[in-house]
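Data block below; observations after.
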Amino acid sequence: MAHGVDFVHSARQAQPADGRSSGVQIETAAVHRISQFIALFVVLVAPLPFGSVDLIWVWIWTALLVVSLMTADLSRLCRGDLWILGSTIIILLFTCALAVFQIWPGIGVEFASPAWDVARKFAGLTLPDRVSVTASVPWVAFGPCLLFALVLVRAYLIATDEKAARSLLKATAYAGFAYAVYGIAAQLLAPAKLLWRTKEYYLSFATGTFVNRNTAAAFWGCCAVLFLGRLLALSSDTWFSRRSAPQVRHSFVDHPVALCSGLVACLTAVGMTGSRAGVLLTLLGLAFLANLHLMQYRDQLKRYWLAAGTVTIAAIMVFFVIGGIASSRVGMFGMGDPRRLEVYRTSFDMLRGHELFGWGLGNFEAAFPEFRAADLGSQGIWDKAHSTPLEMLVSAGIPLTILVCGLSAMFFGRMVFGSFARRRDNYMPATGAAVFLLGALHSCVDFSVQVTGFATLFAAIVGCGLAQSISTLERPPRQFTTS
């Protein structure tokens, strides 16, 4: 390990003999810094304009990320990256092909949506058959899928450099801290305002810059996981390293007081959302990360079980402190929402006859009214299934859903394995795995990952965790200094 580090260090310090080559390297490094800044800007700012739910923001962030990818540093890619990046690109191309197929006119009657036959009979229109229940929505809905993949790939490329990966996670964590402070202050001082607009929903709960409190809870929960991950990395030297290990002086952003402040602020914001799933899954993500980190020292049984017991007690205490509103809602309404459960049942009914290609990407809102059960009453507009995997089944069919879920399982396993395989910076793949667990489970009972502002943060952290699940020694030495 030491020889590998020395080799990388010497490669960084080596000066080219040709002055012109040195100038080219400086210019290239500057381009890479600008490229990383553009990507980081997208990740940090995307939650600001009401979670970037408007389509215009999807295209703005996509355009910026395309520019960033065109100038990305690829010098530290290794063979192990091809499995992750290649599979991501293949799934994206498969999704694009499905969207084109769904809106392609003149498809066979056996695959066509019955809505087009109804339109021809009752409206007297001459319309071709399509798989999709709408003519253009699948292509529009492909935009957020493309953005998610671009963020994941760009964060992955940045995080092939361990120093850049640490900077990305720290910047994302403290951005979440800033959003949490705003959310707490806004709820206490101006609960009827959402940025510069009048707040229409969830007046009694903190939502930050998001419209939906459940999405805000998942967002702040992921940021809390980031702070805990860094705290665990710093505390490892105190708990498990040799007494003779030298004491390292940390910068302000790495100081335990600053990290604890960020963690407490994010947890407080999560509690103020009153989200049942948000609070419980945040605690699950924190406990998972802590246990995943401590398991690496499981050979020290006394300390391991002491630490594990402490984590359990702390999680219970935190639940009663920050989850007061959420726990009261659990007592009033239980863990399940009867209306949401009815939508889930109806969604499975919608799948019959459309198992292969679905109703069209983004078409849940258009297809659902025909199947809407009387038990749901007349209140509420169900534009989403409140379960991303279930909505994917309805809109994209079983094959694509299986591929995406299989890729997701592979990503999660890769990060968990990486947290044990790495000797240094193993907190980064562990943090990525904990954030993935939190976001994936929350999206099973809500639509947080379908909100652009949350999806960008989620994809960036997961991309960082995936890149850092591969040992630094497997990568080529650093060619340019980008920090």
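The values are calculated or read from the model by the stated rules, or taken from the named source; none is laboratory data. Predicted, not measured: the structure shown is a model, and the values here were computed from it. Reconstructed Cβ throughout: ideal geometry from the backbone, glycine too, with neighbour counts over all protein chains shown. Ligands, DNA and RNA are excluded from the accessible area calculation, which covers all protein heavy atoms including side chains. Shrake-Rupley method; radii C 1.70, N 1.55, O 1.52, S 1.80 Å.
Express in Å², to the nearest 10, the accessible area of HIS293 obtained by rolling a 1.4 Å probe over the protein heavy atoms while all chains stay in place.
10
Count neighbours as other Cβ atoms within 10 Å of each site's Cβ, and list the GluC sites (Glu not before Pro) in the stretch 344-429 that are DSSP loop with at most 13 such neighbours.
Numbers: sites: GLU355, GLU365, GLU370, GLU391; in loops: GLU355.
Loop-located and lightly packed - GLU355.
Measure off, as a whole percent, the carbon and sulfur share of the 1.4 Å-probe accessible area of the stretch 152-229, all protein chains present.
Details: 1810 of 2730 Å².
It is 66 percent, rounded to a whole number.
How many angstrom separate the Cα center of the stretch 357-396 from the Cα center of the stretch 49-114?
Centre-to-centre (Cα) distance: 23 Å.
Could you report the stretch 146-227's accessible area per residue, 1.4 Å probe, as an integer in Å²? Each step should come with its number before you reach the end.
Values: 2850 Å² over 82 residues.
Normalised by residue count, the accessible surface of the stretch 146-227 is 35 Å².
For MET350, MET70, MET392, write out the residues from largest to smallest accessible area, computed with a 1.4 angstrom probe and no ligands counted. Don't jump to the answer; show the numbers that get you there.
Values: MET350 0, MET70 150, MET392 45 Å².
Heavy-atom accessible area, descending, gives MET70, MET392, MET350.
Distance cut-off 32 Å, Cα to Cα: go down the list LYS121/LYS199; LYS163/LYS384; LYS163/LYS193; LYS121/LYS384 and report the pairs above it.
Distance filter (> 32 Å) returns LYS121/LYS199; LYS163/LYS384; LYS163/LYS193.
Quick check on packing: order 98-110, 261-273 by the mean number of other C-beta atoms within 10 Å, highest mean leading.
Working: 98-110: 15.2, 261-273: 24.5.
Peptide ranking by packing, descending: 261-273, 98-110.
Answer rounded, prolate or oblate for the stretch 77-194, using the Cα gyration tensor with square roots of eigenvalues a ≥ b ≥ c: rounded when a/c is under 1.5, else prolate when a/b is larger than b/c, else oblate.
Values: a/c = 6.11, a/b = 1.55, b/c = 3.94.
Oblate, because a/c is 1.5 or more while a/b does not exceed b/c.
Just the accessible area for ARG33, please: 1.4 Å probe, Å², rounded to the nearest 10?
100
May I ask you to derive the FRET efficiency for VAL67 and CYS444 from their Cβ-Cβ distance with R0 = 35 Å, giving the value to the nearest 0.05? Can you show the working numbers first?
On the way: r = 34 Å, r/R0 = 0.97.
Plugging the Cβ-Cβ distance into 1/(1 + (r/R0)^6) gives 0.55.
As a test of reading the structure, rank THR431, THR198, THR71, THR126 by solvent-accessible area (1.4 Å probe, protein chains only), most first.
Working: THR431 5, THR198 95, THR71 50, THR126 140 Å².
I get THR126, THR198, THR71, THR431, largest accessible area first.
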